[in-house]
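Notes follow the structure.
The values are calculated or read from the model by the stated rules, or taken from the named source; none is laboratory data. Owing to the predicted nature of the structure, the values given are computational and were not obtained by experimental measurement. Neighbour counts are summed over all protein chains in view; Cβ atoms, including those assigned to glycine, are modelled from backbone coordinates with ideal geometry. Quick note on the areas: whole protein, heavy atoms, side chains included, nothing else; ligands and nucleic acids left out. Shrake-Rupley method; radii C 1.70, N 1.55, O 1.52, S 1.80 Å.
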Amino acid sequence: MDTISDIEKGSSLGRDAWVRLKKNKMAMFGLWFFVGITLVCFLLPLLPVLPDPNATSPELRSLGPFSEAVANDGTERFYLLGSDNLGRDIFARIVDGGRVSLMVGFIATAVSLLIGVVYGAVAGYVGGRLDSVMMRVVDILYALPFMIIVIILTTFFDNSLWLLFLAIGAVEWLTMSRIVRAQVLSLKEQEFVDAARSLGLSNGQIIFRHIIPNTLGPVIVYTTLTVPAVMRLEAILSFLGLGVQPPNASWGSLVKEGADRMISDPALLIFPSAIFALTLFAFNFLGDGLRDALDVRASKD
Amino acid sequence: MPLLEVKGLTVSFTVEGKRVPAVQDVSFSVEPGEILGVVGESGSGKSVTGMSIMRLVPQPPGRIESGEILYKGEDLLRKPVEELRDIRGSEISVIFQEPMTALSPLHPVGKQLRETALLHDSSLSKAEAWDLGVEWLEKVGIPDAAERAKAYPFQFSGGMRQRVMIAMALMLEPKLIIADEPTTALDVTIQAQIFDLILKMKRDDTSIIFITHDMGVIWELSDRVIVMKDSRIVERGEVEALFADPQEQYTKDLLAAVPRLTDKPLRTLEPGDRTPLVEIRDLKTWFPVKRGVFARTVDHVRAVDGVSFDIFPGETLGLVGESGSGKSTIGRSILGLDEATSGSITFEGRELIGLPRAEFRPLRRDLQMVFQDPFSSLNPRLTVLEILTEGLREHGLLDGGTPKEHAARWLEEVGLLAEHMDRYPHEFSGGQRQRICIARAIAVRPKFIVCDEAVSALDVTIQAQVIDLLIDLRDKLGLSYLFISHDLSVVKRICDRVIVLNGGKIVEGGAAAEVIENPSDEYTARLIEAVPVPGDQRKRELSQAG
């Protein structure tokens with residue numbers, strides 16, 4: 001049947017949203033900045049252009065941006081953003097720290113997304129007593145003082161990066177599950193869910209095929225807003241010395257190091273903070289843009 | 001001199017960068033003490049016309065391009081907004097379709113009426129204004145008004161809220177009321193009471209612009225009528241003349257499509273000795289009322305309370321009643337969407353209540369449902385192809401063709417194009433969506449379909465087409481329908497038998513034409529009396545007389 005093989009493609013809600021997003025300049029700036037910074041932080045270290053971010057050369061300390069210098073071992077170096085008090089390349093450290101910060105942002109968000117969406121969808125769909133119990137668990141977890149728990153965890157266990165992912169992910173999924181549950185509560189009253197039930201689909205099929213895809217709009221928006229929130233949390237923890245341990249860097253620990261020396265060497269504070277702030281801005285613009293683009297009411301007609 | 005004169009009104013909306021006309025070159029006038037009906041299908045521009053008079057069209061995206069709206073000789077479109085405010089409410093007031101959004105949820109109804117009264121006449125004391133509000137609640141037929149004035153809007157039913165809105169609009173004693181589908185969401189008996197109020201206002205020399213899609217309502221209420229289509233006026237005239245002798249083809253089509261209580265049924269089914277397909281005995285579906293943190297059950301809402309009837313193969317059984325009568329719950333209980341509390345439902349002799357999920361599953365394909373709202377009954381994230389083949393895959397019915405061939409076949413069966421199977425639901429109109437829903441239901445080759453208000457949300461011309469489709473499919477595929485509807489005219493046309501429900505109990509049942517022409521129960525009679533019938537001179541005179 002030729003007529004059926006070359007049928008026109010329908011325009012999905014996703015494609016409509018993309019068209020709307022493209023019109024939003026700030027959001028598109030956020031998107032490209034996000035893509036750019038991610039590529040730089042993850043791909044640049046693979047190329048042989050950056051020096052080892054943790055290699056110290058005390059003879060070349062506290063150089064200004066765009067300095068060229070010759071190290072004791074005879075190699076010629078170029079410092080794009082200058083060097084710190086141990087002679088480490090600031091640019092290399094920002095890229096390295098960015099990798100850690102973004103990774104925490106992505107992984108912790110992915111963890112919270114996975115737990116939050118499934119937990120919220122099940123609670124909302126099953127409803128009744130199970131829902132009550134599940135949401136009370138969330139309430140209890142909400143009530144725990146997060147900072148103190150992280151401090152206790154870091155003292156009891158090794159101070160590893162994975163603990164950081166776990167600790168942050170464990171907090172962020174709570175809000176995600178509430179958002180998804182609220183969505184599901186209204187979605188399960190929709191007639192297409194009844195129609196799926198009368199077709200004989202199982203609860204799992206209904207949740208994963210009919211319910212979760214329809215919560216995607218708010219979930220995507222909340223996700224783009226969770227990434228900067230998580231990165232901020234990581235920065236706070238690193239600033240307090242609870243996160244990444246020296247000599248490794250994250251943007252939080254770089255800001256901390258810069259703050260210690262901001263009188264003598266302000267560049268150490270200014271460059272990491274500026275990049276960090278710009279990244280957070282970019283995410284928030286993108287999140288706002290996505291919220292407008294995915295607004296279900298706007299796309300209905 | 002006419003009270004209101006609209007000349008050459010043109011309004012456009014900006015949709016995704018494009019300017020789309022909503023109203024084009026519309027002119028009409030309203031005389032004092034007259035009811036002007038504005039009738040048209042969805043998207044005809046009738047509501048935008050009404051809203052433009054008070055400049056209530058949201059700008060942007062809307063834009064009043066040109067025209068004049070002369071109220072007592074003054075052009076409302078060129079008046080400063082501050083002066084317009086003095087006219088809004090006290091001279092011209094508006095009644096909307098959805099009263100919940102127009103009332104503040106945070107304040108008791110009486111307080112909102114009091115504020116309205118004080119706006120109108122600032123010399124009143126607060127207590128006097130409150131009493132005036134209560135007086136108006138009584139006038140619009142709210143029982144126990146003094147007590148109910150202290151209640152919040154959410155504690156009122158839809159009909160009661162609409163009456164509160166009407167009281168609010170009327171207490172300012174405006175010269176002109178713009179009523180935009182004020183009774184569309186209400187039961188016919190409540191609608192009849194609101195008509196009484198509106199006609200009483202008219203006798204006090206108030207003019208009313210009544211916007212509706214319902215020809216019956218136009219017939220009973222209005223003096224003159226304008227018919228709108230695609231943003232323009234297609235025909236206008238005195239109601240009786242226009243109904244008797246419509247000039248334009250569109251008006252003729254519209255009048256022909258309206259189902260009337262006086263219509264003859266499409267067929268008469270001889271009652272024979274048959275075994276029932278579905279047998280319902282003493283069905284009770286109660287909903288628990290839950291309170292507290294762990295949702296303890298404290299009481300029950302008896303939605304269906306002891307109902308027994310049979311559905312025979314090939315038959316269309318109508319289930320009618322007002323909102324809250326339990327008619328939808330019965331349909332949902334048969335399909336197991338609402339859990340029955342007690343009683344028995346058998347399908348081909350097999351008991352459905354208490355059947356384990358796994359054993360019910362193969363039976364699911366025999367029992368299908370078509371829902372009321374064509375917008376919420378299709379998953380917006382799936383293509384039509386996925387929607388149509390989901391059930392087939394589930395029941396292993398995909399043999400003898402690719403999924404695309406199956407989907408194409410069912411799309412053509414319901415009068416849609418097979419090429420459209422990769423589209424998403426939001427790319428279809430309401431009527432087309434309802435056809436997709438029907439295709440989804442019939443694709444699994446069921447024996448029995450519950451149509452829950454399946455044509456109620458559609459425009460009359462589309463409604464007529466969908467009804468024809470349902471009847472064709474019934475005869476072709478040998479289906480049985482449980483046709484749930486509040487619309488007695490439609491039920492009489494297509495149902496063989498009818499059952500009337502009130503408060504979860506059956507009040508009357510029998511052959512559809514018999515029950516509707518000669519109701520033996522008083523409740524049924526009241527229900528039927530309240531249904532407006534376009535062209536029925538007796539009913540028009542009766543309501544006009546008040």
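Just one of B:E359, B:E348 is out of contact with any Ser or Thr (no Cβ under 7 Å at 6 or more places or on another chain), acidic (D, E) and without any contact (Cβ under 8 Å) to a residue 40 or more places away in the chain; which is it?
Criteria check complete, one pass: B:E359.
Please work out if A:I179 is away from chain B (no Cβ under 14 Å), β-branched (V, I, T) and either under 17 Å from B:F371 (Cα atoms) or within 21 Å of the chain's Cα centre (by Cα) (or both).
It is true that A:I179 is away from chain B (no Cβ under 14 Å), β-branched (V, I, T) and either under 17 Å from B:F371 (Cα atoms) or within 21 Å of the chain's Cα centre (by Cα) (or both).
Report, by residue number, each residue of region B:367-394 that is open to solvent by 40 Å² or more (accessible area, probe 1.4 Å) and more than 7 Å from chain A (Cβ to nearest Cβ).
Of everything in region B:367-394, those that are open to solvent by 40 Å² or more (accessible area, probe 1.4 Å) and more than 7 Å from chain A (Cβ to nearest Cβ) turn out to be B:Q372, B:F375, B:E386, B:R393.
Please note which strands (runs of 3 or more DSSP E) are completely contained in region B:187-293 and include at least 1 residues that are touching a strand residue (DSSP E or B) at 6+ places or on another chain (Cβ under 8 Å) and acidic (D, E).
Answer list for region B:187-293: B:232-238, B:278-291.
One line per residue, one yes/no per condition, for (1) touching a Lys or Arg at 6+ places or on another chain (Cβ under 8 Å); (2) open to solvent by 40 Å² or more (accessible area, probe 1.4 Å); (3) among the charged types (D, E, K, R); (4) at pLDDT 85 or above:
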site: A:E172; (1), (2), (3), (4): no, no, yes, no
site: A:M176; (1), (2), (3), (4): no, no, no, yes
site: A:A196; (1), (2), (3), (4): yes, no, no, yes
site: A:G204; (1), (2), (3), (4): no, no, no, yes
site: A:V227; (1), (2), (3), (4): no, no, no, yes
site: A:G243; (1), (2), (3), (4): no, no, no, no
site: A:P247; (1), (2), (3), (4): no, yes, no, no
site: A:R261; (1), (2), (3), (4): no, yes, yes, no
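Just to be sure I understand the filter: pairs with C-beta atoms under 6 Å, separated by 6 or more residues or on different chains, first member in region B:227-238 and at positive phi and in contact (Cβ under 8 Å) with a residue 24 or more places away in the chain, second member open to solvent by less than 100 Å² (accessible area, probe 1.4 Å) and part of a strand (DSSP E or B). Which pairs pass?
Within 6 Å, the pairs are B:S231/B:P21; B:S231/B:A22; B:S231/B:V23; B:S231/B:Q24.
For region A:194-207, what are the residues that are over 18 Å from B:L378 (Cβ atoms) and free of Cβ contacts under 8 Å to residues at least 24 places away in the same chain?
A:S202, A:G204
Can you tell me which residue within region B:497-546, out of those that are of a type in the set (K, R) and under 24 Å from the mean Cα position of the chain (by Cα), is farthest from B:K284 (Cα to Cα)?
Within region B:497-546, the match that is farthest from B:K284 (Cα to Cα) is B:R540.
Given (1) in contact with a Lys or Arg (Cβ under 9 Å, 6 or more places away or on another chain); (2) away from chain A (no Cβ under 14 Å); (3) not aromatic (F, W, Y), where does B:D452 come up short, assuming only one miss?
The number of the failed condition is (2).
Looking only at helices (runs of 4 or more DSSP H) that fall completely inside region B:114-182, which ones have 2 or more residues that are in contact with a Pro (Cβ under 7 Å, 6 or more places away or on another chain)? Give the derivation first.
Details: elements: B:126-139, B:145-148, B:158-170.
By residue number, B:158-170.
May I ask you to say which residue of B:G314, B:G326 is within 25 Å of the chain's Cα centre (by Cα) and of a type outside the set (S, T, N, Q)?
Within the list B:G314, B:G326, the selection yields B:G326.
If you go through region B:22-29 one residue at a time, do you hit one that is in contact with a strand residue (DSSP E or B) (Cβ under 7 Å, 6 or more places away or on another chain), surrounded by fewer than 22 Cβ atoms within 10 Å (Cβ to Cβ) and at pLDDT below 85?
no
Which numbered condition trips up B:I64, out of (1) over 19 Å from B:L170 (Cβ atoms); (2) open to solvent by less than 20 Å² (accessible area, probe 1.4 Å)?
Every listed condition holds for B:I64 apart from (2).
Would you mind finding the one in B:P425, B:P446 that is open to solvent by less than 20 Å² (accessible area, probe 1.4 Å), at pLDDT below 90 and more than 8 Å from chain A (Cβ to nearest Cβ)?
Details: B:P446 fails: at pLDDT below 90.
Being open to solvent by less than 20 Å² (accessible area, probe 1.4 Å), at pLDDT below 90 and more than 8 Å from chain A (Cβ to nearest Cβ) holds for just one of B:P425, B:P446, which is B:P425.
State the number of residues belonging to region A:108-158 that are open to solvent by 60 Å² or more (accessible area, probe 1.4 Å) and polar (S, T, N, Q).
Within region A:108-158, residues that are open to solvent by 60 Å² or more (accessible area, probe 1.4 Å) and polar (S, T, N, Q) number 1.
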